[in-house]
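Everything on this sheet refers to the single structure shown next.
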Amino acid sequence: MLEKPPGKLNAGDERIAQLLSWTPWLSFVLVTLPLPIVFLVLFLAAGTTDSAAIYLLLSFVSMGLGLVVGLVILILFLLYRRRWHGRLRDRLAADGIIAAEVPWFASELSSEERKTWAELKATNPLLADAYCETLAARLTATRIIARARGETLRIERQINRTRNIRGVDTNSLLNDLMADRRSSEGLRKEATVHLSEAKARLQTIEAAANRTLSHTETDSMLRRLAASQEQFPLALEIASLEQEALLELGQSQPGPKSGKLTQSEDALDSLER
């Protein structure tokens with residue numbers, strides 16, 4: 001049977017993650033509620049006042065104890081889940097983080113990165129994929145820098161301990177340690193360059209997405225504005241027709257002023273109808 005290579009996600013990891021997502025809360029409910037409910041049912045079914053009082057007291061006591069024990073179990077489960085997720089992320093990052101594994105590193109993303117990624121997934125899937133791949137590169141570079149920094153500190157402590165040794169020639173060991181420190185520093189600097197490139201790429205993708213959204217919204221607004229300008233406002237059109245009707249009536253039927261007004265009102269009523 002072929003085993004899953006280290007650093008890769010398998011179906012068992014997904015099942016455990018799903019199980020750990022609801023197990024802490026279910027355990028809290030199962031520890032806290034059953035006994036109080038049982039004593040409450042006995043309280044309602046009690047035939048005498050004394051037994052009812054005892055069951056009610058036991059219900060409150062069991063509720064308090066259940067809350068304490070349930071909180072302890074909940075905290076232990078949450079700590080275990082956090083530790084398990086940390087180990088899983090370390091295993092996935094051992095051979096580099098890929099785009100498909102980025103959701104498991106959501107806790108290591110900034111709030112701005114999570115927000116931008118969610119918006120891109122909703123508006124532009126292609127840019128969202130590119131953004132996710134760049135996030136994977138950024139996370140990998142960040143972890144390499146942290147590991148190289150820790151390795152450098154460890155080597156420096158070992159160099160200091162070696163220098164404190166007296167009576168033994170430690171020049172060869174010191175030379176090896178100094179070479180290791182230079183190698184670690186070189187790795188950190190290279191990872192820093194990659195980190196800067198990944199951050200610049202993230203900003204480029206975000207700017208492209210904002211530019212696309214801005215152009216789309218602007219084009220839509222311009223189309224609506226052009227359509228509204230092409231259509232002559234209805235109120236002005238009605239007023240113009242009324243004015244033309246009045247002029248035509250005044251020119252075709254001269255007469256007393258009252259007659260003109262009556263004919264104009266009739267024309268207006270017919271236009272309104």
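The values are calculated or read from the model by the stated rules, or taken from the named source; none is laboratory data. Fair warning: this is a prediction, and the values are worked out from it, not measured in the lab. Neighbour counts run over all protein chains shown; Cβ positions are idealised from the backbone, glycine included.
Any idea which of (1) surrounded by 19 or more Cβ atoms within 10 Å (Cβ to Cβ); (2) free of Cβ contacts under 8 Å to residues at least 12 places away in the same chain is the one Phe105 doesn't satisfy?
(2)
Could you go through the stretch 46-54 and let me know if any residue there is surrounded by 16 or more Cβ atoms within 10 Å (Cβ to Cβ), in contact with a helix residue (DSSP H, G or I) (Cβ under 6 Å, 6 or more places away or on another chain) and assigned to a helix (DSSP H, G or I).
no
How many residues does the stretch 64-112 hold that are farther than 21 Å from His194 by Cβ and aromatic (Phe, Trp, Tyr)?
3
Do we have any residue at all in the stretch 25-38 that's out of contact with any helix residue (DSSP H, G or I) (no Cβ under 9 Å at 6 or more places or on another chain) and under 30 Å from Arg83 (Cα atoms)?
yes
Within the stretch 82-102, does at least one residue satisfy the condition of being surrounded by 13 or more Cβ atoms within 10 Å (Cβ to Cβ), basic (Lys, Arg), more than 19 Å from the chain's Cα centre (by Cα) and under 19 Å from Ala17 (Cβ atoms)?
Yes - at least one qualifying residue is present in the stretch 82-102.
Each row is one residue, and each column tells you yes or no for (1) modelled with pLDDT under 70; (2) in the same structural domain as Ala137 (by TED's automatic domain parsing); (3) assigned to a helix (DSSP H, G or I).
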site	(1), (2), (3)
Leu173	no, yes, yes
Met178	no, yes, yes
Leu187	no, yes, yes
Glu197	no, yes, yes
Leu202	no, yes, yes
Arg224	yes, yes, yes
Ser228	yes, yes, yes
Ala239	yes, no, yes
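Here's the yes/no breakdown for (1) under 30 Å from Asp129 (Cα atoms); (2) assigned to a loop (DSSP other than H, G, I, E, B); (3) touching a residue at least 24 places away in the same chain (Cβ under 8 Å):
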{"site": "Gly12", "(1), (2), (3)": "yes, no, no"}
{"site": "Pro24", "(1), (2), (3)": "no, no, yes"}
{"site": "Phe28", "(1), (2), (3)": "no, no, yes"}
{"site": "Leu42", "(1), (2), (3)": "no, no, no"}
{"site": "Gly66", "(1), (2), (3)": "no, no, yes"}
{"site": "Ile73", "(1), (2), (3)": "no, no, yes"}
{"site": "Trp84", "(1), (2), (3)": "yes, no, yes"}
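Within the stretch 164-175, restricting attention to residues that are of a type outside the set (S, T, N, Q) and exposed (fewer than 12 other Cβ atoms within 10 Å of the Cβ), which residue is nearest to the chain's Cα centre (by Cα)? Full working, then the answer.
In the first step, residues of the stretch 164-175 are kept if they are of a type outside the set (S, T, N, Q); the result is 165-169, 173-174.
Narrowing the set further to residues that are exposed (fewer than 12 other Cβ atoms within 10 Å of the Cβ) leaves 165-169.
Details: Ile165: 53, Arg166: 57, Gly167: 59, Val168: 57, Asp169: 57 Å.
That would be Ile165.
Based on what the data block shows, is Phe77 among the hydrophobic types (A, V, I, L, M, F, W, C), surrounded by 16 or more Cβ atoms within 10 Å (Cβ to Cβ) and free of Cβ contacts under 8 Å to residues at least 60 places away in the same chain?
On the way: among the hydrophobic types (A, V, I, L, M, F, W, C): yes; surrounded by 16 or more Cβ atoms within 10 Å (Cβ to Cβ): yes; free of Cβ contacts under 8 Å to residues at least 60 places away in the same chain: yes.
Judged against the criteria, Phe77 is a match.
Answer yes if at least one residue in the stretch 144-159 is within 23 Å of Ala17 (Cα to Cα) and either at pLDDT 90 or above or not assigned by TED's automatic domain parsing to the domain that holds Ser172 (or both), and no otherwise.
Going through the stretch 144-159, the residues within 23 Å of Ala17 (Cα to Cα) turn out to be none.
The answer is no; no qualifying residue exists.
List the pairs whose first member sits in the stretch 121-140 and is in the same structural domain as Ala209 (by TED's automatic domain parsing), whose second member is surrounded by fewer than 19 Cβ atoms within 10 Å (Cβ to Cβ) and hydroxyl-bearing (Ser, Thr, Tyr), and whose Cβ atoms are under 6 Å apart, counting only residues at least 6 apart or on separate chains?
none
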